[in-house]
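Heads up: the structure comes next, in structure tokens.
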Amino acid sequence: MCGIAGLHLKDHTYRERLGAMVAGMLRGVARRGPDSAGVAIHDDVPDVPDVPDVPGVPGVPGVPGVPGQAVPGVPAAPGAGLTVFREVGDPEEFAARIGLAGRAGVRALAHTRMATESAVTAAHCHPFVAGEERLCLVHNGSFANHATIRRRLAGLGIITETDNDSEVAAHWLAARRAAGDDLTTALRRLTTTFDGFFTLAVTTADSFAVVRDPIACKPAIIAETDHWVAVVSEYQALLGLPGLADAVVFEPEPEEVYLWAS
Amino acid sequence: MTHRPDLIDPGRLAAEAPPAHHTFGPDVLAGIRERAELGRYPIRGWGARRAVPDFDDLLLLTASASRYPLEGYRERCDTRTVFGARRAARPVVLDIPITIAGMSFGSLSANAKEALGRAASMVGTSTTTGDGGMTPEERSASRTLVYQCLPSRYGFNPTDLRAADAVEIVLGQGAKPGGGGMLLGQKVGARVAGMRTLPEGVDQRSASRHPDWTGPDDLKIKIEEIREVTDWQIPVYVKVGATRVDHDVRLAVAAGADVVVVDGMQGGTGATQDAFIEHTGIPTLAAVRLAGDALADLGLTTDVGLIVSGGIRTGADVAKALALGADAVSLGVAPLVALGCNAPTYRRRPVPPPDSAPTGASDSAYVEVDVSAEYAALGTAPGHCVHCHTGRCPVGVTTQDDTLAARLDPVLGATRVANYLRALAMETTMLARACGKSDVHRLEPEDLVALTVEAAAMARVPLAGTDWIPGR
């Protein structure tokens, strides 16, 4: 279905190296999602400047010249900036085009997509960004009851941009957060609200979280050191990370919410 | 043109019957002769015979590569169904989303009512009284008993109301929306007459509208009155025959219903005019989508329950009804068939030889007694009988005759009905799991496609193999 990768820096001296670390992780999950890719990078420097447009992928129907989507700094969370790129095409070429390896930040999500039921367009790429706080979500798996939840969200005036199942989860989480749930509570609720198979990685301006469905058959590996914590779909995607030999490496349990906050 | 003598064979043509007339087919001719004989409309039991679009015209899109199915034995698929939690102190909690519909004592024998109550309790679901009141056998046999409040007021009293687990206000019935109940004199024995405070042996025609209200504004007051009498303890259902479903569901909700029960045109009856059964109301398939969409539009999908009925037979029917928006289904005819309706035999427990020691014989031991000849005496045959109205049911289900009624053993009957309901629940969860659902209520319209344009239009799901929904 897809490959996911997420990286959260506990030690911000790694900030300049974040892009290179994520680029290696993305490469490690590229074969799981050959049709499109996306990255979300949170940084702790204020007012991230708009990222220059990146040329779209020529020859992909329905995606004429889609640029990388640049989301400027989030005013509601001073000191936090978020940049998102999403494109159709080969993930490694995507990483090269956006200069991922040279980008700095403190937290990132990356996704490589093998589309299941919705179209292959830039708008259907992960990470999905939802809500006032610009919650970011990447998903490996598929949901089985998202149509009903999408209708309920629409009843609350929350309209999804695409027919993608993962986008529903992003908006649903944002709605729960807006209703007052902390991120752990919202993710716990998600595991009993959404049917289907999922490993999700979620970021906000200050948090990084991982959760899996009750059956947990979509792969996930977490590695944690004193300096960073990473989640990937496959172990090999961790191999380039500095200090991996000293990391605590484990498979996240079903329905357990793992959360790190800065 | 070459001469083809084999195509023009006067001898063969003469031997073949001419084709039946379409407008005046054999059934129509028989119906004209019956009316000419009787000088009135024909009356019968069961629901619509004619073919209408139904759940067989829908298919489920179960999981494959893009979605994942759940394992049948290890992975959870909930069937628990709760009604009335918003207002009632004691909501109705059912283990399966399959309930037994209201059928009166009068129309059914006391043994049949008891058997249905026992079966419903065995599988953790509810059964419903009917136009005639609550019998003690039925009350004691039923864990969850829904008490109907009907225009006739037969057997309706505050004592039984307080003994109920829910009350169902009946505005109409799928077999005869706009019409009242009917019980012919041959079924009005002493006990039935006593419960209805009416004379024995006289045809009873219930009112078609309730004297306490006309319209939803008065109904709102009636519902408040019922809540007062029951101290806000139990849920209030409102049942409508499926005609103007969108309006009626909205009005039932406006009047204060916790649950709306929508009965499609295939819904059964113990005795109704044939013209009513075949020519009024809309198919259950169309009704469930209209009702589900009305509740969704009101934003009350979670707060107000939806039960649909009318021709539900299998777990596949249940799964499709839930996918279109129902929270539960209600069955009438099918449990009667499980009790023995239309079977050539009835089952009784073996009589032990005199002086034998008690054997503790199993409740499930039985002998079969053939009654085909009695069906023939009614002018019908097993598999074709709709003669509930005569009160001469050969298997003791729809009769008030003591000898006939004794043919239905409530314990044996309950076992069969419970088996049937369990099988339906198993089929429903099997299909829901195959769609990747951990709860049968998470089935959704997007899990369905239609085999015919008519069903696609009514259920508002795509025609199979296309993304086309007629009218969209």
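The table for this structure:
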{"quantity": "Near pairs, Cβ below 9 angstrom, 6+ apart or cross-chain, from the stretch B:74-95 (within 14 Å of chain A (Cβ to nearest Cβ)) to any residue that is of a type in the set (Gly, Ala, Ser)", "calculated": "B:GLU75/B:SER438; B:ARG76/B:SER438; B:CYS77/B:ALA432; B:CYS77/B:SER438; B:ASP78/B:SER438; B:ARG80/B:GLY124"}
{"quantity": "Positions within the stretch A:89-112 being among the aliphatic types (A, V, I, L, M), more than 15 Å from the chain's Cα centre (by Cα) and open to solvent by less than 10 Å² (accessible area, probe 1.4 Å), in sequence order", "calculated": "A:ILE98"}
{"quantity": "Search result, residues across the stretch B:173-196 that are in contact (Cβ under 8 Å) with a residue 40 or more places away in the chain, open to solvent by 10 Å² or more (accessible area, probe 1.4 Å) and not in a strand (DSSP E or B)", "calculated": "B:GLN173, B:PRO177, B:GLY178, B:GLY179, B:GLY181, B:LEU184, B:GLN186, B:GLY189, B:ARG191, B:MET195, B:ARG196"}
{"quantity": "Test result for B:THR429, within 14 Å of chain A (Cβ to nearest Cβ), crowded, with 20+ Cβ neighbours inside 10 Å and in contact with a Cys (Cβ under 8 Å, 6 or more places away or on another chain)", "calculated": "yes"}
{"quantity": "Single condition A:THR162 does not satisfy, out of (1) in contact with a helix residue (DSSP H, G or I) (Cβ under 6 Å, 6 or more places away or on another chain); (2) buried (at least 24 other Cβ atoms within 10 Å of the Cβ); (3) more than 18 Å from B:TYR68 (Cα to Cα)", "calculated": "(2)"}
{"quantity": "Leading residue by the ranking (farthest from B:ALA63 (Cα to Cα)) among those in the stretch A:133-157 that are among the hydrophobic types (A, V, I, L, M, F, W, C) and within 13 Å of another protein chain (Cβ to nearest Cβ)", "calculated": "A:LEU156"}
{"quantity": "Qualifying positions in the stretch B:432-456 - within 14 Å of chain A (Cβ to nearest Cβ), open to solvent by 30 Å² or more (accessible area, probe 1.4 Å) and of a type in the set (S, T, N, Q)", "calculated": "none"}
{"quantity": "In the stretch B:354-378, the residues that are farther than 17 Å from B:LEU339 by Cα and modelled with pLDDT under 95", "calculated": "B:PRO354, B:ASP355, B:SER356, B:ALA357, B:PRO358, B:THR359, B:GLY360, B:ALA361, B:SER362"}
{"quantity": "Residues that are away from every other protein chain (no Cβ under 14 Å), over 13 Å from the mean Cα position of the chain (by Cα) and either among the acidic types (Asp, Glu) or closer than 17 Å to A:HIS42 by Cβ (or both), drawn from the stretch A:206-226", "calculated": "A:ASP206, A:GLU224, A:ASP226"}
{"quantity": "Candidates B:LEU290, B:LEU285, B:LEU251, filtered to the one that is under 17 Å from B:ALA326 (Cβ atoms), more than 16 Å from the chain's Cα centre (by Cα) and not in a loop (DSSP other than H, G, I, E, B)", "calculated": "B:LEU290"}
{"quantity": "Of all residues in the stretch B:388-419 being open to solvent by 50 Å² or more (accessible area, probe 1.4 Å) and part of a helix (DSSP H, G or I), the one that is nearest to the other protein chains (Cβ to nearest Cβ)", "calculated": "B:ASN419"}
{"quantity": "Top-ranked residue in the stretch B:48-106 [being open to solvent by less than 30 Å² (accessible area, probe 1.4 Å) and polar (S, T, N, Q); ranked as farthest from B:GLY124 (Cα to Cα)]", "calculated": "B:SER104"}
{"quantity": "For B:ALA459: the one exception among (1) at pLDDT 95 or above; (2) open to solvent by 30 Å² or more (accessible area, probe 1.4 Å); (3) away from chain A (no Cβ under 11 Å)", "calculated": "(2)"}
{"quantity": "Some residue of the stretch A:84-99 being out of contact with any strand residue (DSSP E or B) (no Cβ under 6 Å at 6 or more places or on another chain) and either within 13 Å of chain B (Cβ to nearest Cβ) or closer than 30 Å to B:GLY325 by Cβ (or both)", "calculated": "no"}
{"quantity": "Total residues in the stretch A:114-141, condition touching a Cys at 6+ places or on another chain (Cβ under 9 Å) and either open to solvent by less than 10 Å² (accessible area, probe 1.4 Å) or without any contact (Cβ under 8 Å) to a residue 40 or more places away in the chain (or both)", "calculated": "8"}
{"quantity": "Selection from the stretch B:426-472 of residues that are of a type in the set (A, V, I, L, M), in contact with an Asp or Glu (Cβ under 9 Å, 6 or more places away or on another chain) and part of a loop (DSSP other than H, G, I, E, B)", "calculated": "B:LEU451, B:VAL461"}
{"quantity": "Checklist (1) farther than 20 Å from A:ARG107 by Cα; (2) more than 14 Å from chain B (Cβ to nearest Cβ) applied to A:VAL229, failing item", "calculated": "(1)"}
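The values are calculated or read from the model by the stated rules, or taken from the named source; none is laboratory data. As the structure is a computational prediction, the values presented were derived from the model and not from experiment. Cβ: placed from backbone, ideal geometry, glycine included. Neighbour counts: every protein chain shown. The area values use the complete protein model at the heavy-atom level, side chains included, leaving out ligands, DNA and RNA. Shrake-Rupley method; radii C 1.70, N 1.55, O 1.52, S 1.80 Å.
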